[in-house]
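Here the structure is laid out as structure tokens; the discussion comes afterwards.
The values are calculated or read from the model by the stated rules, or taken from the named source; none is laboratory data. Since this is a predicted model, take the numbers as computed values, not measurements. FYI the Cβ positions are ideal-geometry reconstructions off the backbone, even for glycines, and counts take in every protein chain you see. Note: areas computed on protein heavy atoms with side chains; ligands, DNA, RNA excluded. Shrake-Rupley method; radii C 1.70, N 1.55, O 1.52, S 1.80 Å.
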Amino acid sequence: GAEVWSQGKRIGVTPLTIALKAGVGTVELRALGFQTATRSVNVTLDKVTALDVQLQASQVAAGDAGTGEVRVVSSVGGATASIDGGPSSPTPHIFPGISAGTHFVTVEAEGYAEWRGSVTVQTSKRAEVVADLAKAGRLEITARGAVEAEVFLDGELAGRTPMVRSVAAGTYKITIKRAKDGKVEERSIAMGADDTVRFQATWGEAKRSR
């Protein structure tokens with residue numbers, strides 16, 4: 001359940017298998033109550049590189065020990081918020097007992113794109129987070145034969161097939177990578193607010209008919 005970040009983007013949560021460009025890079029693992037861990041990884045073409053990270057519990061320096069609160073407000077009704085991937089609560093909501101330091105807030109609402117941000121918590125103080133959600137369209141992606149595949153939006157892992165997700169209006173490059181052999185299908189889409197875009201990945205393998 002730890003968040004995995006690379007090049008400033010959240011690419012998923014552990015346990016995680018993901019395709020990355022070959023070469024040396026870094027990944028960060030973030031989880032509530034634990035210190036952020038940064039690791040260097042050397043990715044080799046067509047090979048699986050394993051990374052096993054033991055997160056260390058957060059420790060606050062002597063004299064600065066303590067917790068604070070985080071109040072999360074959303075620009076739309078019916079939204080839910082979570083901190084560091086923890087349980088979600090309807091907004092507005094006050095999260096008590098949050099350890100001093102930097103934490104990551106996620107806000108979601110039906111029909112709106114997921115909002116993410118960071119907040120710095122100080123001992124015995126309340127931090128305020130205002131999430132301005134953007135109206136979104138609906139993206140539905142399936143794979144022929146119900147095979148398993150990873151879905152990437154502009155290079156960032158967005159989920160696995162079958163996938164249904166709210167996506168902010170805009171233009172995206174979608175990549176669907178088939179799990180069994182790594183075969184890739186790519187498409188570009190223009191998403192408008194309140195639009196629904198559906199398509200099925202076939203990887204160019206149309207059904208034969210007689």
* In straight Cα distance, which lysines are under 27 Å from Lys47, not counting same-chain residues fewer than 8 positions off? -> Lys9, Lys21, Lys173, Lys177, Lys180, Lys183
* Accessible surface ranking that places the most exposed of Trp5, Trp203 first, with a 1.4 angstrom probe -> Trp5, Trp203
* Structure fact -> Carbon/sulfur accessible area of the chain, % of total, 1.4 Å probe, equals 48 percent
* To do: Sort all Cα-Cα distances of the chain into consecutive 10 angstrom bins from zero, then give the percent of pairs in each bin up to the one containing the longest distance.
  => 8, 27, 32, 23, 8, 2, 0, 0
* Write down the percent of antiparallel bridges among all DSSP beta bridges whose residues are both part of the chain, to the nearest 5. => 85 percent
* Structure fact -> The answer for the net charge of residues other than Lys135 whose Cβ lies under 12 angstrom from its Cβ, with Lys and Arg +1 and Asp and Glu -1, is -3
* Positive-end residue, the stretch 55-177 charge dipole about Cα centroid, Cβ charges, pick of Val119, Gly66, Tyr172 -> Tyr172
* Order His93, His103, most accessible first, counting only protein heavy atoms with a 1.4 angstrom probe. => His93, His103
* Structure fact -> With +1 at each Lys and Arg Cβ and -1 at each Asp and Glu Cβ, the charge dipole magnitude of the chain around its Cα centre, to the nearest 20 debye, comes out at 740 debye
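Can you give me the accessible area per residue for the chain, using a 1.4 Å probe, in Å²?
59 Å²
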* Structure fact -> Calc'd 3J(HN,Hα), the stretch 79-89, phi into Karplus 6.51 cos²θ - 1.76 cosθ + 1.60 (θ = phi - 60°), Hz, glycine/Pro = x, comes to 7, 10, 10, 9, 10, 6, x, x, x, 8, 9
* Most to least packed among 50-57, 192-199 [average Cβ atoms within 10 Å] -> 192-199, 50-57
